[in-house]
Amino acid sequence: MTHIRITEDSGIPLLGSLYFGIIDRGTSLLQVRPSCGCNLNCPFCSVDAGPASRTRATSYEVSRDYIVSYVKEIARFKGDGVECHIDSPGEPMLYKELSGLIADLRAIHEVVTVSMQTNGTLLTADTIRSLESAGLDRINLSLHAIDPDLARQLSGVPWFDVTRVINAAREIAKSRIDLLIAPVFLPGINDAEIPRIIQFAREIGAGRRFPALGIQKFERYRYGRTPRGIKVQSWWQFYNRSLKPWEKEYNFRLIIRPQDFGTVRRPMVKKCFEKGEKTTVEIRAPGWLNGEMIGVAKDRVVSVLNCDREKGNVRVKIVSAKHGIYIAVPA
Ligand code: SF4
């Protein structure tokens with residue numbers, strides 16, 4: 001695996017990529033991605049992350065100063081009420097300067113909330129204290145099963161110990177950090193576990209300022225993994241056959257909306273390309289996928305699929321420009 005450290009001198013911008021930097025989807029919430037490695041191999045991973053990945057060839061790490069300088073500028077543009085959500089496509093706790101990054105983000109005038117997602121494997125009483133002192137407001141904890149064997153199976157690694165994650169959840173609930181438990185519902189696999197997770201969230205008092213549970217729908221992705229035995233639901237089935245009946249049965253709020261997090265619509269940072277447009281990019285680094293390269297044009301990252309050039313200029317056609325994430329193929 002090639003490791004790329006992205007600094008201000010690297011010539012790689014922090015907008016335009018799904019893998020690192022900042023993602024702005026036109027709201028007051030900014031996704032902040034300082035790194036993209038993972039220590040688990042979940043069989044349902046939407047980005048095929050982890051040591052056993054079959055498609056990921058590179059890992060990225062952005063220097064703390066560089067990513068903070070970008071967030072400062074975008075937060076000024078967005079105005080008061082920004083949430084920074086650290087949600088690398090991987091495990092954010094693998095980022096070495098995480099507490100420092102949280103403290104820096106929390107110090108930005110327009111930022112009112114700093115939150116983070118984690119699989120919980122690296123949380124201990126000490127790391128939770130350090131995240132709390134840094135000013136972290138909320139942890140979205142991925143906990144997909146309480147049953148130890150199923151939880152291990154869903155982590156994809158033999159060393160996974162759900163007791164540690166459960167203890168960490170209890171510890172967070174006692175701290176100043178808000179806890180949102182975020183299981184992925186895998187119909188046909190962890191159906192019996194969701195009620196246990198709801199009861200656990202209630203028992204430990206998760207969710208004070210924010211909702212206690214954020215059950216996620218499993219979706220199939222082109223470069224993701226799909227576990228055996230899953231019965232993929234439509235959004236209608238997810239809401240009407242799962243969330244609503246569970247809400248009623250357990251008298252617990254499960255349908256959550258962006259407003260519950262204070263997220264409101266805000267102008268997006270300038271869009272630089274449209275789908276179908278042709279442009280010339282300069283290749284600056286290998287991509288996350290095999291056969292992909294990181295190109296740069298107009299101060300944005302453009303990920304070029306099926307690219308056989310390792311440097312120089314390449315003429316490309318933009319095939320996707322959704323939410324300012326640019327994907328292209330050679331033209
Ligand atoms: S689902 Fe999350 S924790 Fe699991 S392998 Fe993917 S990125 Fe890592």
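The values are calculated or read from the model by the stated rules, or taken from the named source; none is laboratory data. Not measured: the values here are computed from a predicted model. Virtual Cβ from ideal backbone geometry, glycine too; neighbours counted across all protein chains shown. SASA here: full protein model, heavy atoms, side chains in, ligands and nucleic acids out. Shrake-Rupley method; radii C 1.70, N 1.55, O 1.52, S 1.80 Å.
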So the carbon and sulfur contribution to the accessible area of the stretch 278-330, 1.4 Å probe, in percent, is 44
Long-range amide H partners of ILE181 with built H, under 5 Å:
LEU141, LEU213, GLY214
Answer in debye to the nearest 20: the dipole magnitude of the chain about its Cα centre, from +1 Lys/Arg and -1 Asp/Glu charges placed on Cβ, is 920
Please turn the phi angles of the stretch 229-234 into ³J(HN,Hα) values with the Karplus equation 6.51 cos²θ - 1.76 cosθ + 1.60 (θ = phi - 60°), one per residue in order, whole Hz, x for glycine and proline.
x, 7, 10, 5, 9, 7
Computed from every Cα-Cα pair in the stretch 278-330, P(r) in 10 Å bins starting at 0 and rounded to whole percents is 31, 62, 7
Near the amide H of ARG284, under 5 Å away, which other amide H atoms are found, from residues 5 or more places off or on another chain, if H is placed in the peptide plane?
ILE294, GLY295, VAL296
Of the convex hull drawn through the C-alpha atoms of the stretch 137-185, the volume per residue in Å³ is 70
Which percent of the accessible area of the stretch 1-129 is formed by carbon and sulfur heavy atoms (probe 1.4 angstrom)?
52
Based on alpha-carbon atoms only, what is the radius of gyration of the stretch 17-165 relative to the globular estimate 2.2 N^0.38 Å?
1.06
Per the charge dipole of the chain (beta-carbon charges, Lys/Arg positive, Asp/Glu negative, Cα centre), the residue among PRO183, TYR223, ILE198 reaching farthest to the positive end is TYR223
What lysines sit close enough to LYS72 to cross-link, taking a C-alpha to C-alpha distance under 30 Å and skipping anything fewer than 8 places away on the same chain?
LYS96, LYS270, LYS271, LYS275, LYS298, LYS322
Using each residue's phi in the stretch 121-133, evaluate 6.51 cos²θ - 1.76 cosθ + 1.60 at θ = phi - 60° and report the 3J(HN,Hα) Karplus result to the nearest Hz, with x for Gly and Pro.
5, 9, 7, 9, 4, 5, 5, 5, 4, 5, 5, 5, 5
Normalised alpha carbon radius of gyration of the chain [divisor 2.2 N^0.38 Å]
0.99
Just to check I understand the Karplus step: with θ = phi - 60° and J = 6.51 cos²θ - 1.76 cosθ + 1.60, what whole-Hz values come out for the stretch 138-149, glycine and proline as x?
8, 10, 9, 9, 7, 9, 9, 7, 8, 4, x, 5
Mind putting a number on the dipole of the stretch 74-139 about its Cα centre? Charges go on the C-beta only, +1 for Lys and Arg and -1 for Asp and Glu, and I need it in Debye to the nearest 20.
60
When only C-alpha pairs under 8 Å and at least 6 residues apart count, what is the relative contact order of the stretch 2-261, in percent?
16
So which GluC sites (Glu not before Pro) in the stretch 247-323 are both in a DSSP loop and have at most 10 other Cβ atoms within 10 Å of their Cβ?
GLU274, GLU310
Accessible area per residue of the chain at 1.4 Å probe, in Å²?
45
